[in-house]
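Here's the structure we're looking at; comments come further down.
The values are calculated or read from the model by the stated rules, or taken from the named source; none is laboratory data. What you see is a predicted model; the values in this text were computed from it and never measured. So basically every Cβ, Gly included, is an ideal-geometry build from the backbone, and we count neighbours across all protein chains shown. For the accessible areas, the whole protein counts, side chains as well, though only heavy atoms, and no ligand, DNA or RNA atoms are used. Shrake-Rupley method; radii C 1.70, N 1.55, O 1.52, S 1.80 Å.
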Amino acid sequence: MTVHPPSPAGGRRVHADGEPLGLAHGVGDVAEFLRRAGLEIDPAEVAESSWIDWRGVGPEHWRADTAD
């Protein structure tokens with residue numbers, strides 16, 4: 001799963017195997033996308049999951065304008 005850098009409007013695009021899964025606004029959204037793909041994960045573990053490639057910035061950043 002790839003979580004792209006924050007968009008100017010907020011949120012981060014999420015893809016799995018090149019397919020778009022949606023726009024995440026926090027780690028809870030990323031955990032939900034993983035759940036829908038059949039991979040159960042606690043939202044508290046999303047930031048350190050080896051299944052996720054965080055592009056640009058890490059899981060603590062969700063808005064491009066303020067980098068948080």
Which percent of the accessible area of the chain is formed by carbon and sulfur heavy atoms (probe 1.4 angstrom)? 50 percent
Filtered trypsin sites (Lys or Arg not before Pro), segment 18-68: DSSP coil and at most 16 other beta carbons within 10 Å: ARG55, ARG63
Give me the extension gain from ALA16 to ARG36: residue separation times 0.36 nm, minus the current Cα-Cα distance, reported in nm with one decimal. 6.1 nm
GLU60 to HIS4: FRET efficiency via 1/(1 + (r/R0)^6), r the Cβ-Cβ distance, R0 22 Å, to the nearest 0.05? 0.90
Test of the criteria: in segment 8-58, which GluC sites (Glu not before Pro) are in a DSSP loop and have at most 13 other Cβ atoms within 10 angstrom of their Cβ? GLU40
About its Cα centre, how strong a charge dipole does the chain have in debye, to the nearest 20, once Lys and Arg get +1 and Asp and Glu get -1 at the Cβ? 260 debye
